[in-house]
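Below is one structure; the comments refer to it alone.
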Amino acid sequence: MRRLLAGFLLSIAVLVPVSARAVVRLPDGFTNEMVCDGLSEPNSMAFLPDWRVLVTEQHTGRVRLIVGANVSSHDPVYQVPDLNGNAYERGLLGIAVDPAWPQRPYIYIYYTQIGGHCRVVRLTGSGELDNPNGEDLSFSNPVTIIGDIPDNLITHNSGCVRFGPDGHLYVSTGDDDDPCAAADSTTLLGEILRLRVNNLEENINGAVTRDLITPYDNPFSTPDTNARLVWAYGMRNPWRFSIDPYTGKIYSADVGLMTYEEINEILPGDFLGWPYREGPQLMPRSECPEPGGNGANVYKSATVNMLRDPNILVAISSASVYRPLPGAPYNWPDEFNGDYFYGEFYSGNFWRLKNVKGVWMPSDSLPGQPAGGFFATGMSTALDFQTGPDGSYYYLSQDDSTGFGNGSIQRIRHLGPTQPLSVLDAIGGPIAFSSSPNPFTTRADLSFRLPRSTPVTIDVYDVLGRRVRRVMDRIGTAGENRVAWDGADGQGRALRPGVYLGRIEFLGVSETIRLVRLK
């Protein structure tokens, strides 16, 4: 942990900001800064746990490593060999880092492949896996997780990939410009998929079959193996979504056809209405009539319905729910914790919503905020957003006003002092370290919550304070975690019935609970 912290502080020091080319207007107390430019149409990014950044370039097919404020000398760290990038919405579209990195040194990418399909592929990292300043990193050994998502037409490929706090991989797919397919949960089109990848072996022989990647608790119980991967469906092109690390809720942008752009708060099993609805508007379909008649079916209403001009290029983009990080030097003030942000790609307008008793509402204006209710303006071609290691809001810009081919990573940093955030504040409550059942006879399931992916140890002690078993010593994932103890010591010998103590430690926080073993 000391090594990671030292590397983190050095990387923050290296982020010497220069003035961003675009004029970004923000409320008082915030500034927009360039972190790294000279990227070719970057469109997705993912932080490694040591806070190095992986960035995908849509049409070059390169994965690039950003160390501090510079592209790694080992560049690129991966090049997609079979990329079909011959259209505006095709290419290398998404990237995610395994939450158990570096123990599981995998990244997951989504791209359009030559031959008419979109693919989700796992790559294995090698080299400097956990050095915050390391440039010697590369990826190889592609394993196809899903290889048959249709790509018959040049638009609506989606391709956002994110890990949720449950450790599962979420993937968005567009309708491939086939609206009727989005209403069918078996097509792999117009959907958000939820995949189980943490059980896949390091060396996989043969194809990854559907049963290996299907979580048991996905919402649709059906013989169809595609539908069992679906988390939600009925979307046109959910090209960017985010997942709240506290609640696990998905916030997805869906680009409209004629009248409305949408932001959707998505829960398991939701049908979002497309192609029979665009925002609140009814869309009769002669090619695939709505079952039961026009307007007959229940659908999940959008959180935001944004009117659009059909004659102007418009693409709504989901940013994320802002969550500060423990110990980060530039955490935004507490009033922003839990607020949701979204933007529009072409205009560069950026909005902020606040949740009021379960309802998302436009937030009050701030001093110096741009007119018109915008939190920010001038964020042209911004398309991927994440809270960074310093608590700032990082985003990619495909075109920073000097032309496509010179994209950048930028950040919105808060200038004023902030209240230090404790780990418990970051979790949003207690660690919730508990055992079930308790008392137990042969097995105790120890569960707990984490604010982010981080190393965790869990030890079991006897009543004299002697450690009898280390139950866990690895990376835990953000959100809920669980590990089993079989009542044995470190040599596998069953312990006597009696009272024991379980102790968890992470991020400088510890908690102890009592464990009672029965005969």
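Among (1) open to solvent by 10 Å² or more (accessible area, probe 1.4 Å); (2) assigned to a helix (DSSP H, G or I); (3) not aromatic (Phe, Trp, Tyr), where does Ala182 come up short?
(1)
Please go through the stretch 260-304 and pick out each residue that is over 31 Å from the mean Cα position of the chain (by Cα) and either under 26 Å from Phe350 (Cβ atoms) or small (Gly, Ala, Ser) (or both).
Within the stretch 260-304, Ser286, Gly292, Gly293, Gly295, Ala296 qualify.
For the stretch 319-337, does any single residue satisfy the condition of being open to solvent by less than 60 Å² (accessible area, probe 1.4 Å) and farther than 21 Å from Tyr393 by Cβ?
If we filter the stretch 319-337 for residues that are open to solvent by less than 60 Å² (accessible area, probe 1.4 Å), which is where we start, we get 319-326, 328, 331-333, 336-337.
Right, trim to farther than 21 Å from Tyr393 by Cβ and you get none.
No, the stretch 319-337 contains no residue that is open to solvent by less than 60 Å² (accessible area, probe 1.4 Å) and farther than 21 Å from Tyr393 by Cβ.
Is one or more of the residues making up the stretch 198-212 at pLDDT 95 or above and under 21 Å from the mean Cα position of the chain (by Cα)?
So far as the stretch 198-212 goes, no, none of its residues is at pLDDT 95 or above and under 21 Å from the mean Cα position of the chain (by Cα).
Which members of the stretch 185-195 meet the condition of being of a type outside the set (Gly, Ala, Ser), within 23 Å of Tyr216 (Cβ to Cβ) and open to solvent by less than 30 Å² (accessible area, probe 1.4 Å)?
So in the stretch 185-195, the residues of a type outside the set (Gly, Ala, Ser) come out as 186-189, 191-195.
Next, only the ones that are within 23 Å of Tyr216 (Cβ to Cβ) stay: 186-188, 191-195.
Answer for the stretch 185-195, where residues must be of a type outside the set (Gly, Ala, Ser), within 23 Å of Tyr216 (Cβ to Cβ) and open to solvent by less than 30 Å² (accessible area, probe 1.4 Å): Leu188, Glu191, Ile192, Leu193, Arg194, Leu195.
Name the single residue, out of those in the stretch 360-386 being part of a strand (DSSP E or B) and without any contact (Cβ under 8 Å) to a residue 12 or more places away in the chain, that is nearest to Leu415 (Cα to Cα). Walk me through how you get there before you give the answer.
First, pick out the residues of the stretch 360-386 that are part of a strand (DSSP E or B): 360-362, 376-377, 382-386.
So of that shortlist, the ones also without any contact (Cβ under 8 Å) to a residue 12 or more places away in the chain come out as 361-362.
On the way: Met361: 26, Pro362: 23 Å.
Here the answer is Pro362.
If Thr247 satisfies all but one of (1) at pLDDT below 95; (2) more than 22 Å from the chain's Cα centre (by Cα); (3) under 22 Å from Tyr340 (Cα atoms), what's the number of the condition it fails?
Unmet condition: (2).
Only one residue in Ser436, Ser422 is surrounded by fewer than 16 Cβ atoms within 10 Å (Cβ to Cβ), at pLDDT below 90, under 30 Å from Arg162 (Cβ atoms) and of a type in the set (Ser, Thr, Tyr). Which one?
On the way: Ser436 fails: at pLDDT below 90.
Of Ser436, Ser422, the one residue that is surrounded by fewer than 16 Cβ atoms within 10 Å (Cβ to Cβ), at pLDDT below 90, under 30 Å from Arg162 (Cβ atoms) and of a type in the set (Ser, Thr, Tyr) is Ser422.
Mind checking which residues of the stretch 483-519 are outside any loop (DSSP other than H, G, I, E, B), open to solvent by 50 Å² or more (accessible area, probe 1.4 Å) and among the aliphatic types (A, V, I, L, M)? Break it down into steps so the answer makes sense when it comes.
Kept after step one, since they are outside any loop (DSSP other than H, G, I, E, B), are these residues of the stretch 483-519: 483-485, 488, 494, 498-506, 509-517.
Next, from what is left, pick out any that are open to solvent by 50 Å² or more (accessible area, probe 1.4 Å): 494, 499, 501, 503, 505, 510-512, 514.
Selection gives Ala494, Val499, Leu501.
Could you tell me which residue of the stretch 213-244 is farthest from the chain's Cα centre (by Cα), considering only residues that are open to solvent by 20 Å² or more (accessible area, probe 1.4 Å) and within 13 Å of Ile146 (Cβ to Cβ)?
The extreme case among them is Thr225.
Residue by residue through the stretch 336-359, note down the ones that are at pLDDT below 95 and part of a strand (DSSP E or B).
Correct list: Asn355, Val356, Val359.
Asp178 is checked against (1) modelled with pLDDT of 95 or more; (2) touching a Lys or Arg at 6+ places or on another chain (Cβ under 7 Å) and fails just one. What number does that condition carry?
That leaves (2) as the condition not met.
When Asn198 is evaluated against the numbered criteria (1) under 24 Å from Gly479 (Cα atoms); (2) open to solvent by less than 10 Å² (accessible area, probe 1.4 Å), which criterion, by number, is the only one it fails?
So the condition that Asn198 fails would be (2).
The values are calculated or read from the model by the stated rules, or taken from the named source; none is laboratory data. Please read all numbers here as calculations on a predicted model, not as lab measurements. Neighbour counts are summed over all protein chains in view; Cβ atoms, including those assigned to glycine, are modelled from backbone coordinates with ideal geometry. All accessible areas refer to the heavy atoms of the entire protein, side chains included, with ligands and DNA or RNA removed. Shrake-Rupley method; radii C 1.70, N 1.55, O 1.52, S 1.80 Å.
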